[in-house]
1. For segment 169-280, give me every one of the helices (runs of 4 or more DSSP H) that falls completely inside it and has 1 or more residues that are among the β-branched types (Val, Ile, Thr) and farther than 20 Å from residue 93 by Cα.
2. Checking residue 266 against (1) touching a residue at least 12 places away in the same chain (Cβ under 8 Å); (2) of a type outside the set (Val, Ile, Thr); (3) more than 19 Å from residue 349 (Cβ to Cβ), which single condition isn't satisfied?
3. Tell me whether segment 307-314 contains one or more residues that are in the same structural domain as residue 216 (by TED's automatic domain parsing) and part of a helix (DSSP H, G or I).
4. Within segment 217-238, can you find the residues that are surrounded by fewer than 23 Cβ atoms within 10 Å (Cβ to Cβ) and either over 26 Å from residue 13 (Cβ atoms) or at pLDDT 95 or above (or both)?
5. Consider residue 125 carefully, then state whether it is under 22 Å from residue 212 (Cα atoms), among the small types (Gly, Ala, Ser) and not assigned by TED's automatic domain parsing to the domain that holds residue 343.
6. When you go through (1) surrounded by fewer than 21 Cβ atoms within 10 Å (Cβ to Cβ); (2) within 30 Å of residue 62 (Cα to Cα); (3) touching a helix residue (DSSP H, G or I) at 6+ places or on another chain (Cβ under 6 Å) one by one for residue 196, which number turns out not to apply?
7. Among the residues of segment 46-68, what is the count of those that are aliphatic (A, V, I, L, M), under 18 Å from residue 34 (Cα atoms) and either without any contact (Cβ under 8 Å) to a residue 12 or more places away in the chain or in contact with a Lys or Arg (Cβ under 7 Å, 6 or more places away or on another chain) (or both)?
8. Would you confirm whether any residue within segment 303-320 is closer than 30 Å to residue 45 by Cβ, touching a helix residue (DSSP H, G or I) at 6+ places or on another chain (Cβ under 7 Å) and surrounded by fewer than 18 Cβ atoms within 10 Å (Cβ to Cβ)?
Amino acid sequence: MLYVNRSFKQMRMSGFLFDLPEELIAQYPLDDRGKSRLMVLCGDNCIEHRTFDDIADYFNAGDMLVLNDTKVLPVRLAGKTEAGKAIGVLIAQKNETGAYRILTKGRYTGRVFFSEDFYADVSDGKEAVFHHDGPLEDKLREFGLMPLPPYIKRPPCGIDMERYQTVYAKKEGSIAAPTAGLHFTHEILNSLRHKGVVLETVTLYVGEGTFKPIQSDNVSDHKMDSERFEIDTSLPEKIKETKINGNKTVTVGTTTTRAIEALSCGRYKLINTSGSANGYQRITASTDIFIYPGYEFKAATALITNFHLPRSTPLLLACAFAGQDRLLRAYKTAIAAQYRFFSYGDVMLIL
């Protein structure tokens, strides 16, 4: 938990709630990633309405763009119990024992079959030991579905295998997409490179902690789950140099922001280190950093982020970055202007 001062410790969740018409929750991605609507917060009372393929207009040569290159695995499985009853299993995280933490409805204990040679022994609906030939990832790619969030009221389909994934996704291991990155196309990234923008990547493996709702009324009582990230230790030095040169560091999404802020303020637990191509170290670590209003950002100077759920930690991070009143006023504007919300929805640039 990240405490700032006494007044922020007493912050109430009721101040971050808003009413959202259900029809504004995007159920499908747009045909063209780059045609999402883009709301730009460029001052206390300044809002511009663009489309995402205009994003390069807000960058200058020497600016830095930091992306989360994690890749979503199709970890949602449809199985049957030994009695033939249908059961859904969502794989959340591998435990140190080699078993996996899972999410299911109910508290089933017993064997669950996904195919003749791919099954799991489930304990209390919370943990599973999988039995299969070859890597589990291969079985997931063969039998799994993309783990769409519950506010998307339809089954996963073929389009989600491509579109619930960024175009630069590389390192498998997340159970949810870093959704702010879903709007980028290769053409948009190339236009940024052509303009002289420096592109950097981190990897934060998105788990339950990112989307677990805040149940407590007192914001600071919420406990973040730890999530694993990988980052080159040269990145803080590059960010510092970017600032010295008068340029901005733009983080894509709350997951990217949490990773570089965790490294910058020392809020992480080291797992291991390895060498990197530039002579620096690449660290693997975990962080439970919880960023909410009152936090002073050490690395990010601009933020690209989707429109988030009430009671969510990404919403509070965005409020911390933009200012609570400023962000919630922008959300009211977005609702009135019929912006699309959440994972497959539209996007915001906070300057």
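1. Values: elements: 186-194, 208-211, 235-244, 253-265.
Correct list: 186-194, 235-244, 253-265.
2. With respect to (1) touching a residue at least 12 places away in the same chain (Cβ under 8 Å); (2) of a type outside the set (Val, Ile, Thr); (3) more than 19 Å from residue 349 (Cβ to Cβ), residue 266 is out only on (1).
3. Restricting attention to segment 307-314, the residues satisfying the condition of being in the same structural domain as residue 216 (by TED's automatic domain parsing) are 307-314.
Still in the running and part of a helix (DSSP H, G or I): 313-314.
Taking every residue of segment 307-314 in turn, at least one turns out to be in the same structural domain as residue 216 (by TED's automatic domain parsing) and part of a helix (DSSP H, G or I).
4. The answer is 228, 230, 232, 233, 234, 235, 236, 237, 238.
5. Details: under 22 Å from residue 212 (Cα atoms): yes; among the small types (Gly, Ala, Ser): yes; not assigned by TED's automatic domain parsing to the domain that holds residue 343: yes.
So residue 125 passes the test.
6. Unmet condition: (3).
7. The qualifying residues number 1.
8. The answer is yes; a qualifying residue exists.
The values are calculated or read from the model by the stated rules, or taken from the named source; none is laboratory data. What you are looking at is a predicted structure, and each value in this text was computed from that prediction instead of being measured. With ideal geometry, Cβ positions are generated from the backbone for all residues, glycine too; neighbour counts draw on all protein chains shown.
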